[in-house]
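Each reported figure results from applying straightforward, stated rules to the coordinates on display, with no laboratory input. Please read all numbers here as calculations on a predicted model, not as lab measurements.
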Amino acid sequence: GELIIEKIGKEPWFFAMQVLEGDDLGGVWAVSADLKLALKRPRPEHSFKHGGGIKLIARDRNGEVIMSSTLDHKPRMGTVDWQRVQVVLRVPSNTRKLEVGFLHQAGGVMHVRAPSFRRVDDPEGKCKIKKGKKVGNGGS
């Protein structure tokens, strides 16, 4: 199937997510999908990162955000035909909840298909890793 997210009102963002909970969520994860974009600057303007695509939030056992990755791939704006994007993240070992999905923070429409979220077995370190933004005192 295909997920289509189109901005039609004043709300500055939309996040369609799946939530994983457990005691063993730390490690290296890869999130990928095919994106087709027709995105432009939002109206009204807002201070969030403009664009559309992949978002991941890691939370500890208390529900505090300990790491997040927001649209850390290209393309994320403009008019683009189907293109595969991927973000690879090292999630802290104290993660107990992962919120992963697709964020729309622009004007226009974003299409998503063939999403994938998987743990990466990368003992030799050949897969490029983007660390994500640590929040507060947590993270590793």
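Computed over the alpha-carbon pairs of region 41-91, the distance histogram in 5 Å steps reads 4, 16, 22, 19, 17, 12, 7, 2, 0 percent, short to long. Summarising the overall dimensions of region 1-69 from its C-alpha atoms, the Rg and Dmax are 14.8, 41 angstrom.
Solvent-free Debye calculation, one equal scatterer per alpha-carbon of region 1-125: log10 I(q)/I(0) at 0.13, 0.18, 0.22, 0.23 Å⁻¹ equals -0.53, -0.94, -1.22, -1.28.
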